[in-house]
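The values are calculated or read from the model by the stated rules, or taken from the named source; none is laboratory data. As the structure is a computational prediction, the values presented were derived from the model and not from experiment. Reconstructed Cβ throughout: ideal geometry from the backbone, glycine too, with neighbour counts over all protein chains shown.
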Amino acid sequence: MKAVVCQNAELSVADRAEPTPGRGQVRLTVKRCGICGSDLHARHGIDELADVTAQAGYDRLGRSSEPIVFGHEFSGEVAEYGPGAKAAVPTGAPVVALPLIRNDGHVDGVGLSAHAPGAYAEQLVVEEALMLPVPNGLPSDVAALTEPMAVAWHAVRRGEVGKRQVAIVIGCGPVGLGVILMLKAHGVRTVVASDYSPGRRALAQRCGADVVVDPAQDSPYTAAGDRGHLEDIPSTLELAVGTTEKLGRLPFGWWHVWRAADKLGAATPKHPVIFECVGVPGVIESIVDGAPLFSRVVVVGVCVGEDRFKPAMAINKEIDLRFVIGYTPLEFRDTLHMLAEGEVDPRPMMTGEVGLEGVEGAFAALADPEKHAKILIDPARQGAGAP
Ligand SMILES: [Zn+2]
């Protein structure tokens, strides 16, 4: 079979042996595979990434000298079951799978090391237990977006965004666009999107953002108008004293009212939920500096190198900073069904499709934010195909 192999930052199409499914595993014919920003990063920086994951106890991420087949955002068709499989899904049926696989007593991420080749290939092996049939005739290109959309769904859930809260998405690459789509699918009324690139701002609009700003011109933090957010320390102090004075006029202790409001979650000042979807040094600091007080910040963008911010600024504003990664198997399953039932439509972010020969060109095209967000690989496609 053919596969795209990355070794020493070089991408090349190679002939490889068809993979054999082990116990409880399934070989899939790959229908579509998305190119993820983390693949772009891993091509040149997988050693740095591997060092960080090794510090956290996982030392099996690939190294740049190994031949790695990327690809963890895929859809496929069941081709062959390994021994001991239940084989509940018929051969030829369309499926997706979580990109994790059992390997000699380890669990590896698919498409991130030589132990677990990914879906930049005609065939790949997945765990039967992590495989899900694609319902409702969902096309294979949209089904391949289950994985990145599950990342966005997890971020939105971890953001605990109320429908009436303002959500602000900083960075409108594939991650930010996925978050915008999921926020709208979740019923959040006001989604502000911010990106320096006009092309990405246009994509954000197509994905449903209600307010789109160029941060060089306008602040994303005030773009939704006056929402009662606290912009500075004096307004917070005024609110604390003013509220206590008002409640003090009641014939019973102000603390009874405050405690009741606290129980209902109404005592925390109004604040937006901000999604950091850029992942380069300096972005967290710029958000902490610009955000209203009490903002919740969800960091989705992956900055692998070191970064810095001023804790005292985050403290003065009581910024609630959360970091997120991946999704749960339940979120992955729910995302597939949201896609299949049309509750969320990621097609506006799908900007290109290539064959295996076209992956190198697609990596180059994705470096330019103006034109592309998500490029899919169709391994059956002859020739490169224009991204
Ligand atoms: Zn990814």
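Structure notes:
- Within region 143-181, restricting attention to residues that are of a type in the set (Gly, Ala, Ser) and farther than 14 Å from Cys277 by Cβ, the residue that is farthest from the ligand (Cβ to nearest atom) is Gly162.
- Restricted to region 176-210, and to residues there that are surrounded by fewer than 19 Cβ atoms within 10 Å (Cβ to Cβ) and in contact with a Pro (Cβ under 8 Å, 6 or more places away or on another chain), the residue that is nearest to Pro292 (Cα to Cα) is Tyr196.
- Considering Cys6, Cys33, the condition of being within 16 Å of the ligand (Cβ to nearest atom), buried (at least 21 other Cβ atoms within 10 Å of the Cβ), more than 22 Å from the chain's Cα centre (by Cα) and at pLDDT 95 or above is satisfied by Cys6 alone.
- Residue list for region 39-85, filter: of a type in the set (Gly, Ala, Ser), surrounded by fewer than 17 Cβ atoms within 10 Å (Cβ to Cβ) and more than 16 Å from the ligand (Cβ to nearest atom): Ala54, Ala56, Gly57, Ser65, Gly84
- Restricting region 287-305 to residues that are of a type in the set (Gly, Ala, Ser) and surrounded by 22 or more Cβ atoms within 10 Å (Cβ to Cβ), the residue that is nearest to Gly326 (Cα to Cα) is Ser295.
- Put simply, of Ser194, Ser140 the only residue that is polar (S, T, N, Q), in contact with a strand residue (DSSP E or B) (Cβ under 9 Å, 6 or more places away or on another chain) and either in contact (Cβ under 8 Å) with a residue 40 or more places away in the chain or within 16 Å of the ligand (Cβ to nearest atom) (or both) is Ser140.
- Some residue of region 205-212 being in contact (Cβ under 8 Å) with a residue 60 or more places away in the chain and either hydroxyl-bearing (Ser, Thr, Tyr) or in contact with a strand residue (DSSP E or B) (Cβ under 6 Å, 6 or more places away or on another chain) (or both): no
- On the stretch given as region 94-105, residues that are part of a strand (DSSP E or B) and exposed (fewer than 13 other Cβ atoms within 10 Å of the Cβ) total 0.
- For region 106-137, taking the residues that are more than 23 Å from Leu49 (Cβ to Cβ) and of a type in the set (Gly, Ala, Ser), the one that is farthest from the ligand (Cβ to nearest atom) is identified as Gly137.
- Within region 114-141, the set of residues being surrounded by 22 or more Cβ atoms within 10 Å (Cβ to Cβ) and either closer than 28 Å to His186 by Cα or at pLDDT below 95 (or both) comprises just one member, Val134.
- Unique match (being at pLDDT below 95 and among the β-branched types (Val, Ile, Thr)) among Thr236, Thr190: Thr236
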